[in-house]
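What follows is one structure encoded as structure tokens, with my remarks underneath.
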Amino acid sequence: MMDRQLFLEYVNNLTDLELAVLLSLVAQDHCLIQTPEEFQDDVASELALIVRDIFSLSYIIINKHDLQSIDTFVEAILDDAREYSDPLDQSDDDLGRESDLRARVADVSFRGVASAQNDQTTLDTRKVVNVVIAKDFNLAHEDVQIQALELIRRRRIFSRTTVHTAPKVFLLLPLVTTATRHIRLNGHLNDRIFISHHHDPEDGFPNLQEIDEVDYQEDKLSAYSDTKSMSLSPQKRRASRQIGSKLIEQLRAEGQAAIITPEIRRYLQDFVAFLRIERGVDGGVTAYATTLFLALSKYLAPFHGIDYVTPSLIALAAKKVYPHRLIIATPSRERSTLYGTDLATAQYLLEDLDPEKVIQNVLDTIECPT
């Protein structure tokens, strides 16, 4: 199991998706992930491997058809009651083989298992899985999104027969394709999403690739040798990369205790104030977002081996907290039209403007403390 010092050496080798999941676990909040449509299945499988192999959490991958009614959504995300446990408490058999996971990812429908009997005398004690990986979640029915909001806020969800609770460690990881990113989540649910991340396919899928390499090596060894001894077994490789609950709790405590000076706090507040009045912004800079902005700025400190917040951490946090929240104005709602700008000019000014450009413009505008 990884200790604190080893983690600082290891953090630079974490992939973007691994860091996104880890930050979400540390903050006990949720992450929206964007990727091109043709890579959505690979991203979902990569997240499943990260959740299982690095954090030893239960998960479910659900598809768009599971998101069209409350009943199918609730049934899909339920599993046997599980608690967040230290990965060292698990045996190699519990971790499973890569080939088994590959089969599960490729061939099995990731739906909750229905009760064996509709016996009314049997109490349904199933709980929600630790991590829900929801593909095309922005296309989910409005009622399903409201239930997801209830699950996030109240840590519970209702079925036809009972109330199911979420485990102590629970993450919702909605996947959104770049082609449908203009279709936004329910406003209240969207505001509850901690951070967003765009996964570029060029960054690869190292955990999926590792499975293919291990399967190839095993096939090669079985074909040319009677022994399958390898320098480092897949189980041992996974154990060396696992991040347990104690380290996550330590990172959370260090982040909450990170020092933020008055100058840095003013820098954060200036960013929020300028973002609200930036050209092209029509909403999304909420009070709750500001709370998460400050929290992420502090949580990032221990990842860099420091106990204080720097301007660069503020900038990094802004680029993760606000992209999925910002609403870009239409020409008719661009505020400069109230002061004489015609619609054609406003349309030209808003052309190709997106949340990432708006955030960078504000960062370039405000004075950075030295």
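The values are calculated or read from the model by the stated rules, or taken from the named source; none is laboratory data. All of these numbers come straight from a predicted model, not from anything done at the bench. Note that we place each Cβ from the backbone using ideal geometry, even for glycine, and neighbour counts take in every protein chain shown. Accessible surface areas use protein heavy atoms only, side chains included; no ligands, DNA or RNA. Shrake-Rupley method; radii C 1.70, N 1.55, O 1.52, S 1.80 Å.
Note on exposure: Leu247, Leu8 ranked by accessible area (1.4 Å probe, complete protein assembly) read Leu8, Leu247, with the most exposed listed first.
To the nearest 10, the accessible area of Thr261 is 60 Å² with a 1.4 Å probe.
The listed residues Leu19, Leu350, once ranked by accessible area (1.4 Å probe) with the largest placed first, stand as Leu19, Leu350. With an 8 Å cut-off on Cα pairs and a minimum separation of 6 or more residues, tell me the relative contact order of region 258-365 in percent. Relative contact order, region 258-365: 35 percent. Here the peptides 339-347, 198-206 are ranked by packing, the mean other Cβ count within 10 Å, and the order with the highest first is 198-206, 339-347.
Averaged over its residues, region 244-370 has an accessible area of 51 Å² per residue, based on protein heavy atoms and a 1.4 Å probe. Note on Val321: accessible area approximately 0 square angstrom, rounded to 10, probe 1.4 Å, nucleic acids and ligands left out. Under the convention that each Lys and Arg Cβ holds +1 and each Asp and Glu Cβ holds -1, the size of the dipole of region 258-365 around its Cα centre is about 380 debye. Remark: region 4-84 carries a charge dipole of roughly 300 debye about the Cα centre, counting +1 on each Lys and Arg Cβ and -1 on each Asp and Glu Cβ. Label-to-label distance for Arg155 and Asp342 is 5.9 nm, based on points extended 7 Å past Cα in the beta-carbon direction.
Surface calculation, 1.4 Å probe, protein heavy atoms: Lys64 sits at approximately 100 Å² accessible. Net charge of the neighbourhood of Leu326, taken over other residues with C-beta under 13 Å away and scored Lys/Arg +1, Asp/Glu -1, is +3.
Extents of region 241-345, largest first, come to 57, 31, 20 Å (Cα atoms, principal axes, whole angstrom). Largest accessible area first, the listed residues Asp364, Asp71, Asp53 line up as Asp364, Asp71, Asp53 when surface is computed with a 1.4 Å probe on the assembled protein chains.
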